[in-house]
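Undergrad: One structure is given below, represented as structure tokens, and several questions about it will come after.
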Amino acid sequence: MFLGSRSRYRTYFEENPGTFFKTTGWIERDTVSEELKPLSIPGRMGMDRTFEELVEQYGEDNAEFLWDELCDTKKNYSQITFIEMGVEPDDRFEQTAKEEAAAKGWAFDKIPGDLRLLRNLLNGDWTSDDFLVVPPGAEIIPTHDENIIDASANP
């Protein structure tokens, strides 16, 4: 969304696999309040549990598998890329991302963002190149290709 197009994202991702993206908004809201944790995706999926909690509920062998698959969400990353959206009051969010990368021993990169997709979404300019518009009665179906999903014909 914040790179402005699917092709720009794909190009960047292919050149920089293992990238964890950060924006000012992501960094501002990086922590979830205790009250909202059960509603978060990690909370609902059990991804916010400690290894000890998993052992207690599932036993050690199953806990190791679950921890590796669900809880170690950053194991496949080696870089943080800060997407500069032009709304930052100063460089503190970039610095936070840079420090997090250094603490993890990961590479750091900074690239300019592009609000085009967000603007088009809000303005209703939903071209088929950028958006999947699902007509009434249609269903979202997998395509097993670069589009990932599509809308079925109306029944």
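Undergrad: For the range 37-75, name all the residues that are surrounded by 13 or more Cβ atoms within 10 Å (Cβ to Cβ), modelled with pLDDT of 75 or more and in contact with a Leu (Cβ under 8 Å, 6 or more places away or on another chain).
TA: Leu54, Tyr58, Ala63, Leu66, Trp67
Undergrad: Still on this structure: Of everything in the range 80-101, what is of a type in the set (A, V, I, L, M, F, W, C) and either crowded, with 17+ Cβ neighbours inside 10 Å or not assigned by TED's automatic domain parsing to the domain that holds Trp26 (or both)? Give them in sequence order.
TA: Ile80, Phe82, Ile83, Phe93, Ala97, Ala101
Undergrad: Filtering the range 141-154 down to residues that are within 21 Å of Arg10 (Cβ to Cβ) and of a type in the set (Val, Ile, Thr), which residue is surrounded by the most Cβ atoms within 10 Å (Cβ to Cβ)? Full working, then the answer.
TA: As a first pass, look at the range 141-154 and keep what is within 21 Å of Arg10 (Cβ to Cβ): 142-150.
Filter once more, so that each one left must be of a type in the set (Val, Ile, Thr): 143, 148-149.
Working: Thr143: 9, Ile148: 10, Ile149: 12.
Among them, the one singled out is Ile149.
Undergrad: Only residues that are touching a helix residue (DSSP H, G or I) at 6+ places or on another chain (Cβ under 6 Å) and either exposed (fewer than 10 other Cβ atoms within 10 Å of the Cβ) or assigned to a strand (DSSP E or B) (or both): list them for the range 1-36, please.
TA: Lys22 - this is the single residue of the range 1-36 that is touching a helix residue (DSSP H, G or I) at 6+ places or on another chain (Cβ under 6 Å) and either exposed (fewer than 10 other Cβ atoms within 10 Å of the Cβ) or assigned to a strand (DSSP E or B) (or both).
Undergrad: Further question: Looking at Ala107, Ala153, Ala102 in this structure, which one is at pLDDT 95 or above and farther than 23 Å from Gly4 by Cβ?
TA: Ala102
The values are calculated or read from the model by the stated rules, or taken from the named source; none is laboratory data. What you are looking at is a predicted structure, and each value in this text was computed from that prediction instead of being measured. Here Cβ is always computed from backbone atoms with ideal geometry, including for glycine, and neighbour counts include all displayed protein chains.
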